[in-house]
Amino acid sequence: MFDIVERKLEAPAEVAKLRRCLNDLVSVIALPGLWTDKDAGEIASTVADALAGILDLSFVLIQLNDADGRPSFEVMRMPGASEKAQDFFEALSSSLGGSAASWPASARIPGSAADLNVATARLGIRGELGTIAVVAERAGFPDQSERLILDVSANQAVVGLQHAFVLGEQRRLASRLEDHVAQGTRELAAANEQLKKSEGNLQLIIDRIPAFVWCMLPDGSNEFISRAWHAHTGVPPEASRGWGWMSVFHPEDLPGLMKKWQEVLSAGKPDETEARIRRHDGAYRWFLIRTEPFRDESGEIVRWYGTSTDIEDRKRAEQALESRGQDLRMVIDTIPTLSWSTDATGSVEFLSRPWLDFTGLSAEQALGFGWAVAIHPDDAAGLLHYWQSALEAGTTVDVEARLRRFDGAYRWFLFRANPFRDETGRIIRWYGTNIEIEDRKRAEEELRRNDAFLTKAQRLSSTGSFSWVVNTDEITFSEEACRIFELDRTTPITLERIAARVHPDDLHLVNERAAAARSTGEGLDYEFRIQMPDGSIKYLQTTSNEAGGVNGNREYIGAIQDVTQRWVAEEALNKARSDLAHVSRIMSLSELTASIAHEVNQPLSGIITNAGTCLRMLNANPPNVDGARETARRTIRDGNRASEVVTRLRALFSRGEFSPEWMDMNEAAREVAALSLGELQRNRVAVQLDLADDLPPIFADRVQLQQVILNLLRNASDAMAGVRDRPRHMLIRTEYEHNGNVRLSVRDAGVGLDAQNLEKLFDSFYTTKEGGMGIGLSVSRSIIEKHHGRLWAEPNDGAGATFCFSIPRGTETNT
């Protein structure tokens, strides 16, 4: 029954569910202790109340059958609406059938507000005692543990009902017997009164007594037997006198009966015994035989008077009760639970066979307080003190201790017991069970050990874990997560407390990601900052994914890592890289300048020299025209050489051939944004794409346009590097202009632009950035102009600036 305990427990929620199931089963198993001297109706009511409370049911029906198997008695419970129970039952009967005995083991009835889930259990092997039917409105009912509790409750009810039926039959027989005896006594008294008036009425009185009356002589031989005896046995009076009466007794009973009779004759004292007497049809029935000596004035026994009363029905009831008791004992000894009972003082009166087999103790050794030797020495004192306190207070027992097995090994058990009270409320007995929880204890210990390992690992890696139930916003933080956020674990973790820690510049990012998770269920993987009460900043990286929740709730499971040290190291590394790149650009520019000077200086020197020579020749008297003409030719030659040097330098820094193709501006923008996402996130920049749905394709060089977009994104990111008082937000937008051009704009929230220097921005070697070379925007304008387009910048109404370019759609013939 408890094989569920064998599963490895992986979460505290599952441990709690298992504990509740075990506690509920123990409560159900202990129900028979409340049914002593209770009738079937009281037992059914107790079971219905217990099931309604344990399983949180909407409706409970227990239908009991009569001796012919037909429904004869019903108990209904409908928590919070008892007056509607009968109408609810009639509605169920209309859907499932008239009698609960015909209902299926489980069924679902569609409803307007919620579906009704019905489960039934038979009372008896074939339901001969009746049926239990329960209804719940929650989905999945009954699950495995709920079905187990329902079936165990039905089994317990069967045991109690069988005991109640036997006890009721025994009471009826005893009452009937007492009525017969009382009637006989009354009639005997009346006969005695009449005997005083008339000796002739004696025989009539004796014959009316509902028992056999007889008279024996002092030696034990028969003198008289009532007519009822003769009618019952079929033996005539003449055959019964003397010792003839012995012939009607059962052969197995006769030797013992005669020995007993001789002892009574010798002792001369009243006595009674039981024996079987043969009826006239050959059937034997049990009789209670009582005898009294009658003495004369001298004290001598002169007669023996006696009665023989039919107790066959009582004997059968006792045998049935004994059989039921054996069945109950078999049930108790079969269920995998150690059961016991004590008197009001706590002294053990009964121990089940499983208890004795487990401990290896005999009943004689364990009864009373002998069971205490099986308790672990470290637990004995505390358990006995707890037990004594419960005895004094009359409270329910629920405690754990280790119990020694027959091989000397100790295993953990849950000790549970309830007091049983009489009508006055006085405790007259205790009933209890011991449920083995060794596997649970080991699982709990393993869980604590794993939790300790996890806590240590999280502390070493500065990584905390969390869960977020989307439907209810219930949040659970691990110890390390609380340490990272510097939150008190003793107070509930809420979205408001977390938001209070998030850096103001990153709050919009966290809210956007949370909103996306709520609506789309996508995983969360991003970085953000939190600001501590002392003003210090921590950089965090979080990742999480949606996991299967409980009861239909969506739940995210994830981790948060403190990457502040990594950020500090990366910032230092980036600064070193930036400084190195700046130095490299300066050296490259110096080398470029030297190369240009070297290449251009030679033809320029020749031009100057030839110009001077030409001038002297023309100033000669007479002028040397031929020489001047030759010098002019050399000047033109050196000028062409300088032009060729400039052309070669332009070709050296060119990006290659212009290769236009039909392309999607939106797709190009998405690719550049995706490639730049990592760098933008490191710079704490939130990117928003606003791309037009009706944007037509354009005929352009894809690589060159993406180079321009990349340059605009980097410039926008650099412009927001020093922003601290507002979010670093970047908007990339595409539009289709009325003139047929396609526009792309990049809007930032940076330091903005000086309106007087807007045109200088696109001049070569003009820059507003520290360490910049002033080439990017100049090259970008050249690329856009090659596409017959326009690149410009404009300040925003608020903070920051917007850079735009617009190019025509183009055709394969005019581009």
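Taking θ as phi - 60° and the Karplus parameters 6.51, -1.76 and 1.60, the scalar couplings of the stretch 27-43 work out to 4, 5, 5, 7, 4, x, x, 8, 9, 4, 6, 9, 8, 5, x, 5, 5 Hz in sequence order, x denoting glycine and proline.
Extension gain Glu187-Asp693, at 0.36 nm per residue separation less the Cα-Cα distance, in nm? Can you show the working numbers first?
On the way: separation 506, 0.36 × 506 = 182.16 nm, distance 11.17 nm.
Extra length from Glu187 to Asp693 when fully extended: 171.0 nm.
Of the residues Asp694, Asp379, Asp143, Asp357, ranked by 1.4 Å probe accessible area with the largest first, the sequence reads Asp694, Asp357, Asp143, Asp379.
If you stretched the chain out fully between Asn471 and Glu178, how much longer would it get, using 0.36 nm times the residue separation minus the C-alpha to C-alpha distance?
On the way: separation 293, 0.36 × 293 = 105.48 nm, distance 6.95 nm.
Computed gain between Asn471 and Glu178 is 98.5 nm.
Which FRET efficiency value, to the nearest 0.05, is calculated for Ala620 and Arg809 with the Förster distance at 45 angstrom and r the Cβ-Cβ distance?
On the way: r = 65 Å, r/R0 = 1.44.
It comes out at approximately 0.10.
Taking label positions 7 Å along the Cα-Cβ direction at both Arg497 and Ala16, the computed distance is 1.7 nm, reported to one decimal. Ordering Glu735, Glu252, Glu297 by accessible surface, largest first, gives Glu297, Glu252, Glu735; the 1.4 Å probe counts only protein heavy atoms, with every chain in place.
Which net charge results for the neighbourhood of Gly306, defined as the other residues with beta-carbon distances under 12 angstrom from its beta-carbon, given Lys and Arg at +1 and Asp and Glu at -1?
-2
Only protein heavy atoms count here; on that basis, with a 1.4 Å probe, Trp430 has an accessible area of about 0 Å². Looking at this model, which pairs from Lys456/Lys538; Lys38/Lys315; Lys269/Lys315; Lys259/Lys315; Lys38/Lys84; Lys17/Lys538 are more than 32 angstrom apart at the alpha-carbon? With Cα atoms farther than 32 Å apart: Lys17/Lys538. Taking every protein chain into account, the 1.4 Å probe leaves Ile560 with about 10 Å² of accessible area, to the nearest ten.
Applying 1/(1 + (r/R0)^6) with R0 = 51 Å to the Cβ-Cβ distance of Ile636 and Trp792, what FRET efficiency is obtained, to the nearest 0.05? Present the calculation step by step, with values, prior to reporting the outcome.
Numbers: r = 40 Å, r/R0 = 0.79.
The formula returns an efficiency of 0.80 here.
What a 1.4 Å probe finds exposed on the stretch 280-411 is 52% carbon and sulfur by accessible area, rounded to a whole percent.
Applying 1/(1 + (r/R0)^6) with R0 = 35 Å to the Cβ-Cβ distance of Asp281 and Thr36, what FRET efficiency is obtained, to the nearest 0.05? Working shown, then result.
Details: r = 40 Å, r/R0 = 1.14.
Once rounded, the FRET efficiency stands at 0.30.
The stretch between Ser106 and Phe453, if pulled fully straight at 0.36 nm per residue, gains 120.5 nm over its current Cα-Cα span.
If DNA, RNA and ligands are ignored and the probe is 1.4 Å, what is the ranking of Thr564, Thr395, Thr337 by accessible area, most exposed first? Please report the intermediate quantities before stating the final value.
On the way: Thr564 25, Thr395 70, Thr337 5 Å².
Sorted descending by solvent-accessible area, the residues read Thr395, Thr564, Thr337.
Less than 5 angstrom separates the built amide H of Asp701 from those of Glu661, all sequence-distant by 5 or more or on a different chain.
From largest to smallest, what semi-axes in whole angstrom does the stretch 281-415 give when each is the square root of 5 times an eigenvalue of its alpha carbon gyration tensor? Provide the component values of the computation, followed by the final result.
Details: eigenvalues 482, 90, 39 Å².
Whole-Å semi-axes of the equivalent ellipsoid: 49, 21, 14.
The values are calculated or read from the model by the stated rules, or taken from the named source; none is laboratory data. Predicted model, so just to flag it, every value in this text is computed and none were measured. A quick note on method: Cβ atoms are made from the backbone with ideal geometry, for glycine too, and the neighbour counts reach across all protein chains shown. For accessibility, only protein heavy atoms count, side chains too; no ligands or nucleic acids. Shrake-Rupley method; radii C 1.70, N 1.55, O 1.52, S 1.80 Å.
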